[in-house]
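S.K.: Have a look at the structure that comes next, please.
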Amino acid sequence: MRTSVYLLGLIIRVLALLKYDFQREFRQRMSFLSILLYVFAITYLLYFLLNTQGALVKMEVKYWNVIFWVIILFTTINELIAQFSKESEGLYLYYYTVIKPAHFIIARLIFHSFYAVLTSLMTYFIFSIWFGSPVENFGLILLSILLGSSSFAILFTLTTALSKGLKNNAVLTSVLGFPLCIPLITLVSRLSKEAFFSTTSDNFWINLTILLGFNSIMVVLSVILYPYIWRE
Amino acid sequence: MNFLNQRFLQFLCIFLIGYSFLGGLLLPLSPNIEKLDYKSEDTTLVLNLSIPKLKEKVGLFYLKKSVLGDTSSLILKPTHIQKLETGYVLKFSHPSLFKEFQKEDVLDLICHTETWGGLRYFSAYYLDTVIGTRLLPNNEKINLPEKQFHWSFPNRTILRESIRNLFYHVPMWFTMMALLIYSLVHSILYLSSGKMTHDLKASRSAGVASFFGVLGILTGMIWAKFTWGAFWTNDPKLNGAAIGMLVYLAYFVLRGSLDDEIKRAKLAAVYNIFSFTIYMVFIWILPRINDSLHPGNGGNPGFNVYEQDNVMRLFFYPAVLGWIFLGFWLTEAYVKLKEKKGE
C-alpha cells in the first residue's frame, strides 16, 4: 500500500515537472529552432567540406554512419548545456524547497531523452537531404536513434549536472563525458550499421542488450547519485 | 590500510618485488627451436632449424596441425634427419596428399626431448597448394613427454625473452584495479559519512592508480612493439586502458576546477562512482565480444593454458602481491604527506 502511494506520488510529481518543462519549452520555441539551425549549419558545413575533397562520390555507408553519430553526439551535448544554463539559481532554490531530487532527476532524464530523440530524428531528416539515406531497415535506424540519443542524453545529464555552476562548465561537461561516451558511441554505431543491410547479424542482440544494460545502469546511478550533488 | 604501517609488511613488499625482479631477470629460458628456415621443392620440404641450448638428443620430430587442444593424432614425420652442430635439417618427402590436412592449415613443428618435454615451434609451416607438399598419414597415437622440473622460463615462439615482462606488465594492471576499487569504496564511504579523510584517500589512491596505469601502458607498449610489431594496436584492451586514463584525467580536472573543499569532494565522489561503474562494464564486457590480441580473448589461449608453467607462477604471484602492497604503501605515504601539509 505504502509503496503504491509512493509510486503514485512519484508519477504525479514527475508528470507535473514534465508538464512544466514542456510548457516552458513551448513558450521558448527559439531554443529548439536554434538547435535545428545548429544541425543545419553543421551538416551543411560537413557536406561542403566533404564535397570540396571529393569524398562524397560513392561515399561508403560506414562513413555515413560515423558522421551521423558524431553530429548527433555534439548536438546532444550542446542542447543539454543550453537546457541547464537556462535555469537560474533562483529557480533551483525554488525546486529545492518543493520537490525531491529523485523526482527532479527522473523528470529531467525523461525530458532530456525525449528532447534528444526528437532532435536526433530531425537530424536524421536533415542529414538525409544532403548525404542521402542508404538505410534498408528503417525500423532499426529508428531503434538505434532512440537508444543512442537517449543514452547520450542520460550520460550528459549527469555530467552537466556535475559541472553546473563551475567556471568553465561547457568544457568540463565534454571533458567529463567524452571518455565515458566512447563505449556508448561504439555500441550505437555498431547497432545502426546493421540498418544498412536487410538482414541482421548474430551480434545484433548482444549489442542491443549491452546498450540497454548501459542505459539502465546509467539511469540507476543518476537517480542514486543525484541527491548528493543536488544542493551544490 | 593501517596494517601496512607495520614494518614487516613493508619489508615483505620490498622482498617480494626484489625477488620477482631478481628471479625474473636472472633465470634462463629453456631451450627451444629458435630459428627455422624452410625450403620447399616439388614434393619435398626441407626444414633447417637450430636449437642452441639443447644438450641432449631429440627423440622424435613431427609436424602437427596448429590447433589448441587438438587431440587428433594426425602427424607428419620427416623422412631424413641430419644432425648439425646446433640444430637439425629435416627432410619431408612424401608421395601422396594427406587428405586430413587441409589447404591453408597451419602446422607446428614439435620435437620430443627427455627432460624438456615437447618443444614446439608455432606456425612452422603454412600449407598451400603452390608448393604442393605431399603429406603422408600417420595414425599412431603420440603423447607429449612429461616435462621435468627446471629452473627456467618457457621459450615461446614469438615471445622469447620478453616473456619476463609478464612479471612487470600484468601486476601494474592488478595494482591499478585494486587501487581503483579502494578509491571507489572510499568515495562511497565519503558520500555516506561526509568525512574528509575518505575523500583524501579516494583522490590519492586514484592518483597512484593512474600512475600504475601509465606504467602498465608503457610496459605494454614495449611488449607490443616486440611481439605484435607496433607500439599501439586497435585492441579492445588497449582502448579500455586509454579510456580509463582519460576518465581519471577528467576526474582530476574536475577536482582542479573546484575551490570549495566540500563541493569538490562531493562532485568528485559522484563522478568517481559513476565513471568507475561504466568503465568496469566497458572493460569487462566489450573485450569479450571483440577479438583481441591479448591472451585469453578472441580465441587466443590464456596465459594459464600453456605459458604459465609452475616456475612462472613462482614469480608471478609474488610479483602481483608485492606490487599491490607497494601501491597501497605509496597511497598511504601520499595521504600522510597531504595530511602533514594540511596541518
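Nothing in this text is a laboratory measurement; each read-out follows from the coordinates by a stated rule. Please read these numbers as outputs of a predicted model, since none were measured by experiment. We place every Cβ from the backbone using ideal geometry, glycine too, and count neighbours over all the protein chains shown.
S.K.: From other protein chains only, count the Cβ atoms within 10 Å of every residue's Cβ in A:174-184, then give the mean.
M.R.: 6
S.K.: List the trypsin sites (Lys or Arg not before Pro) in segment A:27-100 that DSSP assigns to loop (not H, G, I, E or B) and whose Cβ has at most 13 other Cβ atoms within 10 Å. Which are they?
M.R.: A:Lys58
S.K.: So for the pair B:Ile262, A:Leu33, with labels modelled 7 Å out along Cα→Cβ, what separation do we get in nm?
M.R.: A separation of 4.5 nm, rounded to one decimal place.
S.K.: Counting only other chains, and only Cβ atoms inside 10 Å, what mean value do you get across the residues of A:214-226?
M.R.: Values: counts 5, 0, 0, 5, 4, 0, 1, 7, 2, 0, 4, 8, 1.
Rounded to a whole number, the mean comes out at 3.
S.K.: If the limit is 30 Å between Cα atoms, which of B:Lys266/B:Lys340; A:Lys86/B:Lys266; B:Lys35/B:Lys147; A:Lys100/B:Lys340; A:Lys58/B:Lys225; B:Lys53/B:Lys91 go over it?
M.R.: A:Lys100/B:Lys340; A:Lys58/B:Lys225
S.K.: Moving on. Residues in segment A:137-162 near a label at A:Ile217, defined as backbone nitrogen under 15 Å from the 7 Å Cα→Cβ point?
M.R.: Residues A:151-152, A:155 fall inside that zone.
S.K.: If the cut-off is a Cα-Cα distance under 17 Å, which lysines reach B:Lys336, setting aside same-chain residues fewer than 8 apart in sequence?
M.R.: Candidates past the 8-residue exclusion: B:Lys195, B:Lys201.
S.K.: If you don't mind, another one. Mind ordering A:72-81, B:232-241 by average Cβ neighbours within 10 Å, highest first?
M.R.: Result, highest mean Cβ count within 10 Å first: A:72-81, B:232-241.
S.K.: Taking H placed 1.01 Å from N in the peptide plane, check which residues at least 5 places from B:Gly87 or on another chain put their amide H under 5 Å from its amide H.
M.R.: B:Ile51
S.K.: Using the Cα gyration tensor of segment A:113-180, with a ≥ b ≥ c the square roots of its eigenvalues, what is the shape: rounded (a/c below 1.5), prolate (a/b larger than b/c) or oblate (neither)?
M.R.: prolate
S.K.: Which entries of A:Lys19/B:Lys263; B:Lys65/B:Lys237; A:Lys167/B:Lys263 show an alpha-carbon separation above 21 angstrom in the structure shown?
M.R.: Where the Cα-Cα span goes over 21 Å, the pairs concerned are A:Lys19/B:Lys263; B:Lys65/B:Lys237.
S.K.: Calculated FRET efficiency, B:Phe231 and B:Ser123, Cβ-Cβ r, R0 22 Å, to nearest 0.05?
M.R.: Calculated value: 0.40.
S.K.: Next question, about the same structure. Using only the alpha carbons of segment B:173-242, what is the convex hull's orientation-averaged projected area in square nanometres? Intermediate results must be reported in sequence, preceding the final value.
M.R.: Details: hull surface 19.2 nm².
If you wrap the Cα atoms of segment B:173-242 in a convex hull and average its projections, you get 4.8 nm².
S.K.: At 7 Å along Cα-to-Cβ for each site, give me the label-to-label distance between A:Leu93 and A:Gln23 in nm.
M.R.: Using points 7 Å along Cα→Cβ, the separation is 2.2 nm.
S.K.: What residues have an amide H closer than 5 Å to that of B:Leu29, excluding those fewer than 5 places away on the same chain, when H is modeled at 1.01 Å from N in the peptide plane?
M.R.: B:Phe153
S.K.: FRET efficiency for B:Met221 and B:Thr157, Cβ-Cβ distance as r, R0 = 25 Å, nearest 0.05?
M.R.: Calculated value: 0.70.
S.K.: Would you mind working out the magnitude of the charge dipole of segment A:90-206 relative to its Cα centre, with +1 at each Lys and Arg C-beta and -1 at each Asp and Glu C-beta, to the nearest 20 Debye?
M.R.: Roughly 500 debye, rounded to the nearest 20.
S.K.: Express the relative contact order of chain A as a whole percentage, based on alpha carbon pairs under 8 Å and six or more residues apart in sequence. Intermediate values should be presented prior to the final figure.
M.R.: Details: 184 pairs, mean separation 60.3, N = 232.
Once normalised by length, the contact order is 26 percent.
S.K.: With a ≥ b ≥ c taken as the square roots of the eigenvalues of the C-alpha gyration tensor of the protein assembly as shown, please select rounded if a/c is under 1.5 and otherwise prolate if a/b is larger than b/c or oblate if it is not? Mind showing how you got there, number by number?
M.R.: Numbers: a/c = 3.00, a/b = 1.60, b/c = 1.87.
Judged from the Cα gyration tensor, the protein assembly as shown comes out oblate (a/c at least 1.5, b/c at or above a/b).
S.K.: In whole Hz and in residue order, list the ³J(HN,Hα) couplings for segment B:16-22 that follow from phi through the Karplus curve 6.51 cos²θ - 1.76 cosθ + 1.60, θ = phi - 60°; x for Gly and Pro.
M.R.: With coefficients 6.51, -1.76 and 1.60, one gets 5, 5, x, 4, 6, 5, 4 Hz.
S.K.: Spin-label point model (7 Å from Cα, Cβ direction): what's the A:Asn168 to A:Met122 distance in nm?
M.R.: 3.0 nm
S.K.: Another question, then. Given 25 °C and 0.890 mPa s, compute D for chain A with the Stokes-Einstein relation, Rh being the Kirkwood radius over Cα pairs; round to the nearest whole µm²/s.
M.R.: Working: Rh = 18.9 Å.
Estimated via Stokes-Einstein, D reaches 130 µm²/s.
S.K.: Same structure, new question: Which peptide among A:148-158, B:318-328, A:164-174 comes first, and what is the full order, when sorted by highest mean count of other Cβ atoms within 10 Å? Working shown, then result.
M.R.: Values: A:148-158: 26.4, B:318-328: 21.5, A:164-174: 16.5.
So the order, starting with the most tightly packed, is A:148-158, B:318-328, A:164-174.
S.K.: Also: Do the sum for chain A: with -39,500 (n - 2.57) for every DSSP H run of n ≥ 4, divided by all residues, what is the mean residue ellipticity at 222 nm, to the nearest 500 deg cm²/dmol?
M.R.: One gets -29500 deg cm²/dmol as the mean residue ellipticity at 222 nm.
S.K.: Skipping prolines and chain starts, which residues have an amide H placed within reach, meaning under 5 Å, of the one on B:Gly117, given they are 5 or more residues away or on another chain?
M.R.: B:Gln148
S.K.: Can you tell which of A:His112, A:Phe204, A:Gly54 lies farthest toward the positive end of the dipole of segment A:2-229, using +1 and -1 charges on the Cβ of basic and acidic side chains (Lys, Arg; Asp, Glu)?
M.R.: A:His112
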